[in-house]
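The values are calculated or read from the model by the stated rules, or taken from the named source; none is laboratory data. Note that the coordinates shown come from a computational prediction; the quantities given were computed from them, not determined experimentally. Note that each Cβ is placed from the backbone with ideal geometry, even for glycine, and that neighbours are counted across all protein chains shown.
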Amino acid sequence: MDADSDSDGSHISATPPRDPLPPPRLPPQPPPKPPTSYKSTASTKRSSHLDIIFKLKKPSSSKHDKIEPVPEPEPKVKPIQQPDLPSPVGNFPFQIRRPSDQPHPISIGRSLETLPAGFFSTRRASFSKICKPSLNFEPETLPEITAEPKINGSDGPGSTKTCNKKLPNLIRGDVPLPPVKLQKRSEEGNFVRLNFNGYKRKFTAKGKKMNSYSYKSKYFKRSKRRVKSEVDTGSLCDEEGLVSEIKLQSKAEKPSRCESVEAAISAVRNEVSDENLVRLLKALYGYDLFRDGQLEAIKMILAGKSTMLVLPTGAGKSLCYQIPAVVLPGITLVVSPLVALMIDQLKQLPRMIQGGLLSSSQGPEEAAETLRMVQEGSIKVLFVSPERFLNADFLSIFSTLTSVSLVVVDEAHCVSEWASLLRAKLNVECILAMTATATTTTLQSIMSALEISSTNLIQKSQVRDNLRLSVSLSSNRMKDMLKLMKSSPFLGAQSIIVYCKFQSYHSGMLARDRSRIQELFCANKIRVVVATVAFGMGIDKRDVGAVIHYSLPESLEEYVQEIGRGGRDGRLSYCHLFFDDVTYYKLRSLMHSDGVDEFAVNKFLCQVFADDTSSHRKVCSLVKESASRKFDMKEEVMLTLLTHLELGETQYLHLLPQLNVTCTLNFHKTSPMLLADKDTAVAAILKKSEIKQGQYVFDIPTVANSIGVAPGDLSNHLQNLKAKGEITYELKDPAYCYKIVKVPSDFCSLTELLTRWLLDIENCKVWKLDAMYSSAVFVVDTCEKTHDCNVAQQTTCLQERILDYFKGDNNLDVLDKMGQNSPFLRADIKVFLQSNSNVKFTPRAIARIMHGIGSPAYPSSTWSRTHFWGRYIQIDFKVVMNAAKAELMNFVGKDAP
Ligand SMILES: Nc1ncnc2c1ncn2[C@@H]1O[C@H](COP(=O)(O)OP(=O)(O)OP(=O)(O)O)[C@@H](O)[C@H]1O
């Protein structure tokens, strides 16, 4: 694909540059039908606008809670027929599955739930006026927006260190918990009984390691080490936790606290009463009262009932599995979609709960050590990344050696699809699914996948009552934001997070710098942090007094997550959202950046299965960068497809760890031929290499396959040869590696299924953005109508809207502000095609250019030079795609259908 042509000569346009006026509003389009589950069999027809020019082909066979009361200050050519297809997955768990692709933690995490019919009625609204909430916009001193530490670090009333940041070790927990005594327990039946391989197991104590001697001495040793290192680094910022506890070094205090924890655990094991649970809460965390929903959830779990827990962000969900984890006899497995989140949760475990982590991003030694500790019984809470459960070694440990008391599915809306596999494989009886943001439909699908009874749903409001919400439409956001921050109550806020969308605002920062800023923010040495969505996900800074959205979030789920960073201490926190049409248009275009055409999916499948041989032991690879360009697909999208091929209804392949597959090698000591005589790997390298400038260049999987070893083993062997001074080598070309399990019998159907699935995801993302935008418009409009534009009013208004959204309320009006036509569109596309007649385009590629979105084969570095780049950002993407399809047909001399 010649997508790199320098200039397209498209300075000649059918039209002069135009003012970016909003297009005339047309009647609403029928809404997209968001995905339900790719395993279900319901189907819908859709018009095929993706299939121009190319024919599908087969590969060549050759190859909260109770708020603590705080005084409130104030307020192809041949169109492909679409057969009936299974409808897509209920959420999009796969993009996030590989920890090496640390993605956008929120947007990827959001589910693709079925939206009820009638959900899409369009509501007209005015966008012209700015509605200012009645916050006092008094010009006072400018708040500090800085990444520099405050000199003296004095931070006012909230200067307590409040971020539960602890040592980044992967095995946590200082004190073994008391053994489970096999004693009379009135609620014995309440505890989870595991049924492994058909045998009911009784709880057993993990015996000797739990004696009180090792418990104390280990505690002291670790405490001393920790105190030293943490005080040295000055990295502590924990309110109830570390700072105070570390100073405590009076040896007498430690055992007494541990003993009280032990006693409290034993009391709960004897009787699961409110009183005993509060005592345990106090002993473990120092809190006096449970927050709304916590006690109910803990009791439900201790009664062995699988539970769905929906609590707002920051309401204290973690505690709902941590307390059962210390009470229940076996291990608690916590499955979370993001490795970064798991690491943070591990760090935040109370010191007396021993934790560990298993993820595919770990080295083999690290994972083996964790598994050893699991087998020993010295880990109580184990964080596991989803793919680990597909690992046979892991499963065998849990089905033979270790008793699992509880499985926690965190961010359940992201991993629900996968979680049903877990149920089948582990035969665990008690599951706790947790989420902060899920619509009713999503909840239903999670609960049915996890077999959670509808009576075991604990759901509190999506937004905590201590968050004061306000919204304004702004044509000059920077000015308005500075004004807002100079006015009460934002001026008085201790810590502020400003969320913005586009990189230009927070710049690509080194991870080290980012974590330094996070530390300073946690320590109240930076007052305002301007951040992207990722910031704050893992940190638990309790005293964030204000959250400002400088850009429109991509969904209400994202919005709710982000405002949930505020007021985690139960105090009032002020959350203001600025929105504007330009950002909305930009985001709406970006929602189409992951979309792929049927043709591309088919080409991709052909390549994936091109290497099929009868041997299923052969390792295949797909070099990420070149494949991405070849298929015009983002790497994440390719991984999503590969994961679907692994985890979908039919398993077509088995994914292996990613590798750098191209090896360039030089021989140094022994001559290649002599070495090859005694080393089969070297012999294979000589056979399979190309010699380029005296160097041997070969593909690692190809050589490994030829001698019947795993690519990893070949890499190890090369390392050994290097250590002996025989060779030097370099590896490049990161690639997805996999083994083919089954070659699809019908490539066309599979192509259509996958394309439809991706299209549903795309439509759903668009719908969510529209719902977010409409909610902002709704709040501003309502204020105008009632002339009651104050924070209290806006809070209620937005809360209701959020509630409706998450309830899946059919009456929720979702506004589609995109233009549905433009008189110049076809003419411009024609000129564009004429001036780039040497380049092959798909309708989608043209629409992306017209929307100003770069893609792997048509990068913005090249295509942003065109006169048409981003010109039709205000016209619905599909309208542009259809116009492009029609013009492409004309261009190749055919009429549009
Ligand atoms: N009963 C309680 N009393 C006081 N503080 C509590 C209580 N329960 C939890 N917290 C605190 O509230 C904060 C938020 O808790 P946690 O991180 O578990 O929330 P979450 O619901 O998991 O939030 P997120 O969805 O952001 O992960 C933590 O600092 C926690 O210690």
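On the basis of being within 12 Å of the ligand (Cβ to nearest atom), farther than 16 Å from Met447 by Cβ and in contact with a Cys (Cβ under 8 Å, 6 or more places away or on another chain), does Ile298 make the cut? Here the answer is yes, as Ile298 does meet what is asked. Checking each residue of the range 595-604 against the condition of being surrounded by fewer than 22 Cβ atoms within 10 Å (Cβ to Cβ) and more than 17 Å from Phe747 (Cβ to Cβ) gives no match. Just one residue in the set Val272, Val261 is part of a helix (DSSP H, G or I) and more than 14 Å from the ligand (Cβ to nearest atom); that residue is Val261. Between Leu605, Leu642, Leu665, the distinction of being in a helix (DSSP H, G or I) and modelled with pLDDT of 95 or more belongs to Leu605 only.
Considering the conditions (1) within 13 Å of the ligand (Cβ to nearest atom); (2) at pLDDT 90 or above, Ala315 is excluded by exactly one of them, (2). Of the set (1) small (Gly, Ala, Ser); (2) in a helix (DSSP H, G or I); (3) more than 25 Å from Met772 (Cβ to Cβ); (4) at pLDDT below 80, all apply to Ser416 but (3).
Of all residues in the range 322-332, none are within 21 Å of the chain's Cα centre (by Cα) and within 16 Å of the ligand (Cβ to nearest atom). Report whether or not Arg279 is buried (at least 18 other Cβ atoms within 10 Å of the Cβ) and away from the ligand (no atom under 15 Å from the Cβ). The answer is no for Arg279.
Select from the range 552-566 the residues that are among the charged types (D, E, K, R) and either touching a strand residue (DSSP E or B) at 6+ places or on another chain (Cβ under 7 Å) or over 13 Å from Ser774 (Cα atoms) (or both) and write down the one among them that is nearest to the ligand (Cβ to nearest atom).
Initial filter on the range 552-566 (among the charged types (D, E, K, R)): 554, 557-558, 562, 565.
Keeping just the survivors that are either touching a strand residue (DSSP E or B) at 6+ places or on another chain (Cβ under 7 Å) or over 13 Å from Ser774 (Cα atoms) (or both) gives 557-558, 562, 565.
Numbers: Glu557: 11, Glu558: 13, Glu562: 10, Arg565: 7 Å.
Here the answer is Arg565.
For Glu800, state whether it is among the charged types (D, E, K, R), surrounded by fewer than 20 Cβ atoms within 10 Å (Cβ to Cβ), within 29 Å of the chain's Cα centre (by Cα) and at pLDDT below 95. Walk me through how you get there before you give the answer.
Details: among the charged types (D, E, K, R): yes; surrounded by fewer than 20 Cβ atoms within 10 Å (Cβ to Cβ): yes; within 29 Å of the chain's Cα centre (by Cα): yes; at pLDDT below 95: yes.
When the stated conditions are applied, Glu800 passes them.
Residue-wise test of (1) crowded, with 23+ Cβ neighbours inside 10 Å; (2) in a helix (DSSP H, G or I); (3) hydrophobic (A, V, I, L, M, F, W, C).
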{"position": "Ala297", "(1), (2), (3)": "yes, yes, yes"}
{"position": "Leu319", "(1), (2), (3)": "no, yes, yes"}
{"position": "Val326", "(1), (2), (3)": "yes, yes, yes"}
{"position": "Val334", "(1), (2), (3)": "yes, no, yes"}
{"position": "Ala340", "(1), (2), (3)": "no, yes, yes"}
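Against the definition (crowded, with 20+ Cβ neighbours inside 10 Å and of a type in the set (Asp, Glu)), how does Asp733 come out, yes or no? So Asp733 does not fit the description; no. For the range 337-352, does any single residue satisfy the condition of being within 11 Å of the ligand (Cβ to nearest atom), farther than 21 Å from Gly566 by Cα and aliphatic (A, V, I, L, M)? The answer is no, given that none of the residues of the range 337-352 is within 11 Å of the ligand (Cβ to nearest atom), farther than 21 Å from Gly566 by Cα and aliphatic (A, V, I, L, M). The number of residues in the range 817-868 being over 28 Å from Lys768 (Cα atoms) and assigned to a helix (DSSP H, G or I) comes to 13. Summed over the range 698-716, the residues that are crowded, with 18+ Cβ neighbours inside 10 Å and more than 20 Å from Leu655 (Cα to Cα) give a count of 1.
Among the residues of the range 649-671, which ones are more than 21 Å from Val623 (Cα to Cα) and buried (at least 19 other Cβ atoms within 10 Å of the Cβ)? Spell out how you get there, then give the answer.
From the range 649-671, those more than 21 Å from Val623 (Cα to Cα) are 649-651, 666-671; that's our starting set.
Hit for the range 649-671 is Phe667, nothing else.
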